[in-house]
Amino acid sequence: MQFKSLLVAAMACAFGSAANAQFNSTVFFGDSLTDAGTIPATFPAGTLPPGTGKFTTNPGPVWSEVLAAYFGTSAIPAAAGGTNYAWGGARVTGSPGVPDTSPVTNLAMPIATQVSTYLTANGGKANPNALYTVWGGANDIFTIAATAAADPSGAQAYLTTTANSLVTQVAILKAAGARYIIVPNLPDIGASPFGTSLGPAGAGGLTALSSGYNSLVKFGLGGAGLAVIPFDMFTVFNELRANPAKYGFTNATDKACGATSSLICTPASLVAPNAQNTYVFADDVHPTTAGHAMIASYVEALLIAPSQISLLAESSVKTRRNLIGTINDQATASAWARNGTYNFWLSAGSGDLKFDKNSDFQDAKGRPDNVTVGLDASVSPGLIVGGALTWSTYKPDFSNGASFRQEETVLSIYSAYTSGPLRLNVVGSMGTTNYETLRDVQLGALTLAVPGSTKGSNVSLSALGSYELGSGVFRHGPTIGLDAQSARVNSFAENNPLSAGLTYDEQRRNSAIASLGYRLSYDAGNFMPFARVSVDHELASSHRDINVSYQSQPGPTVAFAAATPERSFATVAAGAVFKLTPKVTCNAVVSALAGQSNVRNYGAQVGLNVGF
């Protein structure tokens with residue numbers, strides 16, 4: 001990938017940010033891996049060469065900037081008025097920073113101080129709708145690495161204290177109201193250019209320290225019951241180093257900036273043209289521009305996954321309501337043209353169901369197709385009772401390449417009662433659903449496919465009443481209805497491709513939609529056109545969470561907000577019933593959902609009725 005394409009991608013994220021905003025702010029605490037320019041924002045102009053100041057192949061963005069751009073927020077350094085408190089050289093609680101020989105990193109604000117500074121500036125409260133990152137510990141490992149061999153017990157004690165201190169900062173943020181906190185683990189420092197330069201023994205010592213620290217943080221978070229978003233950078237970078245070419249890199253061992261520190265690395269410092277995009281490391285331990293882009297895309301894919309998977313339950317509610325409308329239309333057609341005790345009918349339909357991207361949804365667009373067969377009987381004057389069996393599919397695609405497939409089988413029982421101008425339809429349905437999911441995680445040049453499968457169910461009961469004010473050929477009148485649903489998606493674990501697999505708890509989506517509308521029809525003998533419109537409102541709360549855990553970093557589940565549609569909208573439909581013979585009729589209906597922002601639901605249905 002060329003640097004130009006990386007820049008274009010970053011600009012595209014920025015221009016599309018309002019549509020991608022899943023969190024209303026991003027707040028970062030950490031060290032040089034997350035620092036987006038704290039040092040040039042803190043020290044006088046001229047302290048660093050122009051165009052430098054980030055620990056990467058300058059002027060490329062670091063991962064925190066790319067991620068923030070995707071969600072429509074920012075990663076501007078706190079020293080420049082932003083919310084990125086990360087400072088190159090920062091330790092978790094100790095001072096000075098690392099290296100202490102540098103006049104800019106030795107003054108690095110520890111992560112504990114970064115957290116307290118943020119909370120003080122915000123009255124001790126953490127924004128519950130912000131996305132937080134707490135990533136640190138590497139500089140503490142550098143601090144103890146030189147003495148670990150001579151004083152292993154002291155090194156272990158320091159490592160334990162540091163890990164506990166990081167857990168404490170997470171606990172402080174949680175207590176202050178933070179809901180979403182990313183806590184990545186450390187990559188294998190022993191496998192970095194710095195680590196390998198120390199020889200097998202030195203590299204092995206750093207690997208042990210990295211792994212041990214990660215374990216201590218993981219168990220500390222779990223022991224404290226802190227539900228965090230635990231990205232597995234240790235595994236990601238080990239996967240990358242095992243086969244860099246698969247990810248689009250040519251070099252995972254050397255330094256793109258040569259002997260120059262990444263802090264002041266510019267294009268003139270690169271050891272080869274385009275090294276910022278072909279090397280993994282900028283210097284001894286810091287990623288290149290492409291390395292940071294890969295981190296950001298990995299984090300982004302796992303952050304948006306819960307919103308994507310939450311659409312499994314939401315789409316079930318939408319397609320079930322379409323089915324209820326189909327059965328109501330068939331019952332009306334059957335009652336109007338009935339010629340015989342029994343009526344067999346067949347209906348087929350398709351449409352367009354789209355969820356646009358906004359603060360609650362990840363975009364998805366697909367075509368719901370369905371086929372229904374039914375049989376009803378006139379059991380007494382004015383009363384029809386019947387049953388129907390429906391097979392439906394819906395396969396939406398997300399813009400980032402992900403998709404899911406919903407296949408449902410539904411059994412319905414319905415009745416249609418007419419007494420003078422009064423009409424009442426009741427539809428009860430029970431269905432089982434098979435789901436197949438597929439997420440794409442972009443890691444450099446590699447598109448990692450993450451499949452999964454599960455089952456679900458949906459039970460619904462609908463009542464629709466109407467009163468005809470007109471008489472003769474032109475009839476019209478108000479309608480009132482209630483559709484109640486309980487949709488469930490079983491818990492499931494994705495087929496884990498290394499570090500990207502997730503596990504989802506059971507989802508439940510309860511819905512109770514009240515409607516008030518008006519219906520018109522014109523009886524022309526062998527032809528009856530009709531139209532209806534309703535204003536609909538969701539009575540049940542549509543706010544819910546989807547609980548997620550990370551397969552490579554097991555721990556308490558993290559509750560993400562599920563996709564939440566607007567509660568008020570309108571439904572419009574128009575169609576006609578035709579008598580082909582005294583015992584055979586057909587009908588056609590087109591319908592649309594209107595006024596529900598970010599949801600489009602259009603449908604067309606045709607049916608055939610045979611009386612006997």
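Couple of notes before you dig in:
- When segment 450-493 is limited to residues that are exposed (fewer than 14 other Cβ atoms within 10 Å of the Cβ) and in contact with an Asp or Glu (Cβ under 6 Å, 6 or more places away or on another chain), the one that is modelled with the highest pLDDT turns out to be 491.
- Test for residue 393: is it open to solvent by less than 60 Å² (accessible area, probe 1.4 Å), touching a residue at least 12 places away in the same chain (Cβ under 8 Å) and over 20 Å from residue 345 (Cβ atoms): yes
- Filter pass, residue 317 being open to solvent by 50 Å² or more (accessible area, probe 1.4 Å), under 23 Å from residue 601 (Cα atoms) and in contact with a strand residue (DSSP E or B) (Cβ under 9 Å, 6 or more places away or on another chain): no
- All conditions in (1) open to solvent by 10 Å² or more (accessible area, probe 1.4 Å); (2) modelled with pLDDT of 95 or more hold for residue 447, with the sole exception of (2).
- Evaluation of residue 270 against (1) of a type in the set (A, V, I, L, M, F, W, C); (2) open to solvent by 30 Å² or more (accessible area, probe 1.4 Å); (3) under 23 Å from residue 482 (Cα atoms) (one fails), failing number: (3)
- Condition met for residue 110 (open to solvent by less than 40 Å² (accessible area, probe 1.4 Å) and more than 17 Å from residue 183 (Cβ to Cβ)): no
- Some residue of segment 574-589 being basic (Lys, Arg), open to solvent by 50 Å² or more (accessible area, probe 1.4 Å), more than 24 Å from residue 373 (Cβ to Cβ) and touching a residue at least 60 places away in the same chain (Cβ under 8 Å): no
- Any hit, segment 281-290, residues being surrounded by fewer than 24 Cβ atoms within 10 Å (Cβ to Cβ), more than 30 Å from residue 234 (Cβ to Cβ) and out of contact with any Pro (no Cβ under 7 Å at 6 or more places or on another chain): no
- For segment 234-243, the set of residues classified as assigned to a helix (DSSP H, G or I) and either more than 22 Å from residue 214 (Cβ to Cβ) or of a type in the set (Gly, Ala, Ser) (or both) consists of 242 only.
- The single condition among (1) open to solvent by less than 60 Å² (accessible area, probe 1.4 Å); (2) free of Cβ contacts under 8 Å to residues at least 40 places away in the same chain that residue 226 does not meet is (2).
- Screening residue 406 with (1) out of contact with any Pro (no Cβ under 8 Å at 6 or more places or on another chain); (2) closer than 30 Å to residue 450 by Cβ; (3) open to solvent by 60 Å² or more (accessible area, probe 1.4 Å) gives one miss only, at (3).
- Test: residue 320 is at pLDDT 95 or above, in a helix (DSSP H, G or I) and more than 23 Å from residue 133 (Cα to Cα): yes
- Taking the listed residues 570, 524, 592, the one that is over 17 Å from the mean Cα position of the chain (by Cα) and open to solvent by 40 Å² or more (accessible area, probe 1.4 Å) is 524, with no other qualifying.
- Subset of segment 494-509 [open to solvent by less than 20 Å² (accessible area, probe 1.4 Å) and either more than 18 Å from residue 450 (Cβ to Cβ) or assigned to a strand (DSSP E or B) (or both)]: 502, 504, 507, 509
- Inter-residue pairs, beta-carbon under 9 Å, first assigned to a loop (DSSP other than H, G, I, E, B) and in segment 64-82, second open to solvent by 20 Å² or more (accessible area, probe 1.4 Å) and among the acidic types (Asp, Glu), 6+ apart: 71/300; 74/65; 75/65; 76/65
- Selection count where residues are open to solvent by less than 10 Å² (accessible area, probe 1.4 Å), in contact with a strand residue (DSSP E or B) (Cβ under 8 Å, 6 or more places away or on another chain) and in a helix (DSSP H, G or I), scope segment 146-191: 3
- Segment 420-444, residues that are open to solvent by 10 Å² or more (accessible area, probe 1.4 Å), of a type in the set (Gly, Ala, Ser) and modelled with pLDDT of 95 or more: 428
- In segment 46-78, residue surrounded by the fewest Cβ atoms within 10 Å (Cβ to Cβ) [restricted to those that are within 19 Å of residue 261 (Cβ to Cβ) and among the aliphatic types (A, V, I, L, M)]: 48
The values are calculated or read from the model by the stated rules, or taken from the named source; none is laboratory data. This is a predicted model, so every value here is computed, not measured. FYI the Cβ positions are ideal-geometry reconstructions off the backbone, even for glycines, and counts take in every protein chain you see. For the accessible areas, the whole protein counts, side chains as well, though only heavy atoms, and no ligand, DNA or RNA atoms are used. Shrake-Rupley method; radii C 1.70, N 1.55, O 1.52, S 1.80 Å.
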